[in-house]
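The values are calculated or read from the model by the stated rules, or taken from the named source; none is laboratory data. Here the structure is a predicted model, which is why all the values come from computation and not from measurement. Because the Cβ atoms are built from the backbone with ideal geometry, glycine has one as well, and the counts that use them run over all protein chains shown.
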């Protein structure tokens, strides 16, 4: 059991948004207009009441001595978790947030708990974990080599026409300064932090686990979702399942997932079961001659209907179909085609509360 001493975090809103050009962007126009101010989005996990998803709802949770999670409800699109480890007056931070406002609130909470951030670790390249890097002034930024490469190639992604409702604020690209390929050890004061790449694509091509062996705390990044549907479009369904064995071998006492509440290894089994379901669904659809979108529409989610972000099934099937066709883990796919099918399944753009 881990002690769960949380307190709310509050910080004023950030400044206005500014763009960045010169990079590849995934922008999709909705295939049809929708009535009302907000397009539909399935939120089965929270259908019973109103959820506070604002930055003010975030909390700091003590996971072990000197190890903390910064948990943001409700863990949906671009609302991620971060972690930090006390280093005797300063801190090692694991990931930033999608928006300026959320990252400023994160840094205020870390400063109040441990002190200024001197080292920042990115668990992968996605913007909900890296957009706020530029606000961590003076800190060294560490990430996988492919995290740096992908961020430089793609820049900041706003997914216009795919996600609506984001309050980005002002964003600037800041990529890792220190990169590694397999493992790297960082110390936060006396606390050892092992950074581990699983060896192949999983959620992305550049996932990193942050493992505290003495405390048995694992910052899993997006290799673990707790309550939301896993998303393998930019990684590998098969590779992700293999990567979960790395987590099992570590045998953590507590896991901070990339999205959702802190948990144990039981959630790893749920992620694995969902990914196996995606593989079996892809096999059925491919054998029947259906496209990924057609197969998604024909699929009964069963026990996985309780997971949010169900539109991700379509993107996951695009990846699983490619792998059934012989594609290697992490091979390039037509992301625009996959996201367009996700919007078709959803009936329009996906509502985002970041």
Residue list for the range 204-229, restricted to those being assigned to a loop (DSSP other than H, G, I, E, B), on the phi < 0 side of the Ramachandran plot and in contact with a strand residue (DSSP E or B) (Cβ under 8 Å, 6 or more places away or on another chain)
204, 206, 207, 208, 213, 214, 215, 226, 229
Name the pairs whose Cβ atoms lie under 6 Å apart, with the first residue in the range 132-156 and on the phi > 0 side of the Ramachandran plot, the second at pLDDT 95 or above, and 6 or more positions between them or separate chains?
155/173
Within the range 230-254, track down each residue that is touching a residue at least 24 places away in the same chain (Cβ under 8 Å), outside any loop (DSSP other than H, G, I, E, B) and either farther than 25 Å from residue 320 by Cβ or over 15 Å from the mean Cα position of the chain (by Cα) (or both).
237, 238, 239, 241, 242, 243, 244, 246, 247, 250, 254
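Among the helices (runs of 4 or more DSSP H) lying completely within the range 271-354, list those that include at least 1 residues that are within 17 Å of residue 201 (Cβ to Cβ) and in contact with a helix residue (DSSP H, G or I) (Cβ under 8 Å, 6 or more places away or on another chain).
So the answer is 312-324, 335-346.
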Could you tell me which of the residues 312, 303 is at pLDDT 95 or above, out of contact with any strand residue (DSSP E or B) (no Cβ under 7 Å at 6 or more places or on another chain) and surrounded by fewer than 23 Cβ atoms within 10 Å (Cβ to Cβ)?
303
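Conditions tested, residue by residue: (1) under 28 Å from residue 311 (Cβ atoms); (2) at pLDDT 95 or above; (3) under 16 Å from the mean Cα position of the chain (by Cα); (4) surrounded by fewer than 20 Cβ atoms within 10 Å (Cβ to Cβ).
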{"residue": "150", "(1), (2), (3), (4)": "yes, yes, yes, no"}
{"residue": "172", "(1), (2), (3), (4)": "no, yes, no, yes"}
{"residue": "176", "(1), (2), (3), (4)": "no, yes, no, no"}
{"residue": "180", "(1), (2), (3), (4)": "no, yes, no, yes"}
{"residue": "202", "(1), (2), (3), (4)": "yes, yes, yes, no"}
